[in-house]
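Everything below concerns the one structure shown next.
Rule-based calculations on the coordinates, nothing more; no lab input. None of these values were measured; they are calculated from a predicted model. A quick note on method: Cβ atoms are made from the backbone with ideal geometry, for glycine too, and the neighbour counts reach across all protein chains shown.
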Amino acid sequence: MRKWGVMLRRIFYREAPFRFLSTAETYRLFEAFRKTLDACPGIFYWVHKLENDLLVTDFKHASMLRYRGLEVVLISDKAVSYYRLPGAKAGGRGEVRPGTYHVKIRSELGNHHLLELSKSDFGMITVRDSRLAQDPVFDNCHVSLQRHMLLTSKFADEMKCTIARGIEWLYQYQHFDSAQSSNIPMLSLDDIAQPIDVLIDEMIHGTRFNDVKHAAQK
């Protein structure tokens with residue numbers, strides 16, 4: 001029944017198709033994603049650490065671009081949720097005007113996060129302030145956003161895109177000295193796109209590479 005519901009959503013909202021991941025693949029995807037963030041601190045400005053949760057406020061993969069500036073995604077322990085900002089509607093519709101939003105979200109772990117979000121004229125959402133709610137019941141200063149479950153399989157390509165950018169950054173960082181001395185142009189993501197795709201698939205399928213830094217050296 002769940003797959004039929006997903007198929008109907010694809011037709012009604014014209015969502016991008018995706019492949020369902022197994023439990024083992026999902027676990028390794030979460031592990032690779034978190035290892036990428038740890039290996040590249042400060043690089044992913046659109047991923048914010050909120051206690052034990054990760055808040056994604058901007059999207060890079062084509063399958064998620066329609067939701068850019070309308071929704072944010074929270075990655076908890078083996079679960080993914082999304083929240084529509086005031087004005088956003090289902091299916092990447094609606095309008096969220098540029099400005100500052102004080103919102104409250106509840107994670108899969110039960111944490112209540114109080115957020116000050118800012119949306120720029122270019123559509124990017126950033127976190128200006130965040131803290132745990134001491135008493136979320138009596139907080140009237142933040143708009144509570146409804147939590148929606150998001151299939152990890154549907155968000156997998158976005159997570160893989162982040163991992164790919166991390167591997168690219170590590171590759172360029174580790175090969176910077178040699179590229180400078182030999183006057184060889186540094187490789188871009190387009191130059192090594194296929195190898196990176198292979199590396200990510202191998203990391204998720206568990207065939208090899210259980211470390212992001214290890215993968216960047218290949």
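Would you mind classifying the range 78-164 by shape? Square roots of the alpha carbon gyration tensor eigenvalues, ordered a ≥ b ≥ c; an a/c under 1.5 is rounded, otherwise it is prolate if a/b is larger than b/c and oblate if not.
oblate
For the residues 25, 31, what sequence is obtained by ranking on other C-beta atoms within 10 Å, fewest first?
Details: 25 19, 31 15.
Listing 25, 31 from fewest to most nearby Cβ atoms yields 31, 25.
What FRET efficiency would be calculated for the residue pair residue 122, residue 27, taking the C-beta separation as r and a Förster radius of 41 Å, to the nearest 0.05? It would help to have the intermediate numbers written out before the result.
Numbers: r = 35 Å, r/R0 = 0.86.
Efficiency, rounded to the nearest 0.05: 0.70.
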